[in-house]
Amino acid sequence: MIFAHRGASKYAPENTLPAFRLAYQMEADGIETDIQLTKDGIPILIHDEDLRRTTNGRGHIKDYHLEELKTLDAGAYFAATFIGTRILTLEEFLEWASDKPLHLNLELKNNKIDYEDIEIKVLDAIRKYQVKQRTTISSFNPESVKRMRQLDHTLDVAFLRSGKHPNLADYAKELGASSLHVKHTLLTPSLVKACEAAHLPIRVYTVNRTISIKKCLKLHCSGIITDVPDKAHHIRNIFK
């Protein structure tokens with residue numbers, strides 16, 4: 001499966017509706033996006049804990065109410081054509097995605113700030129919009145993976161990892177993960193084999209170069225997370 005990383009983020013501002021719409025047009029199988037909590041506890045879609053890189057705001061998201069964050073521009077940094085693009089709430093995204101055949105990969109950005117109750121808030125939202133069966137919740141935070149598994153035994157929960165581990169597949173299973181998401185540099189035939197033995201789907205991020213996309217396809221990964229879903233889609237069609 002091809003997941004659009006923060007939407008089609010090579011072509012539109014990441015984690016925004018224009019990026020998601022474009023990913024859908026490019027026939028991505030799924031969309032990956034990032035979740036943080038506002039000061040008033042609302043899940044919103046933004047990657048960084050700080051506002052500076054992708055908006056005209058300053059400071060940490062956790063220090064602002066949703067009403068304040070909604071006044072910020074989340075598109076001007078990318079290109080003038082996206083001026084006026086706003087930060088999305090998780091609910092707004094799920095409302096848009098609910099009638100589309102997309103798999104959703106919701107990454108909880110709680111490895112630096114361990115937001116209170118972020119797991120239950122996200123779980124409540126995907127249940128409300130009836131998309132749980134096609135949603136993966138992922139996190140770099142091992143404790144968050146454990147908490148999510150305790151909340152729901154049937155949800156697809158992925159452990160995210162960017163660094164090496166001697167027994168990564170077994171470690172992910174011990175946490176309660178049902179999938180493993182790794183940085184593309186960690187992908188090896190032996191890791192794929194270990195995940196197969198553990199019945200653990202493995203998805204790889206962020207795969208943009210042609211040679212890397214081809215490597216993932218040859219090793220039969222379960223998913224490729226990419227900024228260029230159109231390119232990945234084209235290469236996959238050649239491989240079929």
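The values are calculated or read from the model by the stated rules, or taken from the named source; none is laboratory data. Quick caveat: nothing in here was measured; it's all calculated off a predicted structure. We place every Cβ from the backbone using ideal geometry, glycine too, and count neighbours over all the protein chains shown. The accessibility values were calculated without ligands, DNA or RNA, using every heavy atom of the protein model including side chains. Shrake-Rupley method; radii C 1.70, N 1.55, O 1.52, S 1.80 Å.
A few comments on the model shown:
- Count - residues of region 18-49 that are out of contact with any strand residue (DSSP E or B) (no Cβ under 6 Å at 6 or more places or on another chain), surrounded by fewer than 22 Cβ atoms within 10 Å (Cβ to Cβ) and outside any loop (DSSP other than H, G, I, E, B): 5
- Considered as a group, the residues in region 96-125 that are of a type in the set (A, V, I, L, M, F, W, C) and under 14 Å from ILE42 (Cα atoms) include one that is most open to solvent (accessible area, probe 1.4 Å), and that residue is ILE120.
- Residues (over 17 Å from ASP114 (Cβ atoms) and either β-branched (Val, Ile, Thr) or free of Cβ contacts under 8 Å to residues at least 12 places away in the same chain (or both)) located in region 47-66: ARG52, THR54, THR55, ARG58, GLY59
- The condition of being farther than 30 Å from HIS234 by Cβ and touching a residue at least 12 places away in the same chain (Cβ under 8 Å) holds for only one of LEU160, LEU151, LEU217, that being LEU151.
- Considered as a group, the residues in region 134-164 that are open to solvent by 10 Å² or more (accessible area, probe 1.4 Å), of a type in the set (S, T, N, Q) and closer than 15 Å to ASP124 by Cα include one that is farthest from the chain's Cα centre (by Cα), and that residue is GLN150.
- Residues of region 224-237 that turn out to be buried (at least 23 other Cβ atoms within 10 Å of the Cβ), out of contact with any helix residue (DSSP H, G or I) (no Cβ under 8 Å at 6 or more places or on another chain) and part of a helix (DSSP H, G or I), as a count: 0
- Candidate set from region 170-188 (those that are open to solvent by 30 Å² or more (accessible area, probe 1.4 Å) and part of a helix (DSSP H, G or I)); member that is nearest to ILE2 (Cα to Cα): HIS184
- Within region 189-223, the only residue that satisfies the criterion of being assigned to a loop (DSSP other than H, G, I, E, B), within 16 Å of ASP170 (Cα to Cα) and open to solvent by 50 Å² or more (accessible area, probe 1.4 Å) is HIS199.
- Considering each residue of region 127-147 in turn, at least one proves to be aliphatic (A, V, I, L, M) and over 19 Å from GLU116 (Cβ atoms).
- In this structure, ASN167 does not satisfy being within 25 Å of LYS10 (Cβ to Cβ), open to solvent by 10 Å² or more (accessible area, probe 1.4 Å) and of a type in the set (S, T, N, Q).
- Subset tally (residues that are over 19 Å from the mean Cα position of the chain (by Cα), part of a helix (DSSP H, G or I) and either buried (at least 19 other Cβ atoms within 10 Å of the Cβ) or at pLDDT below 95 (or both)) for region 51-95: 1
- Unmet criterion (only one of (1) assigned to a helix (DSSP H, G or I); (2) modelled with pLDDT under 95) for ALA125: (2)
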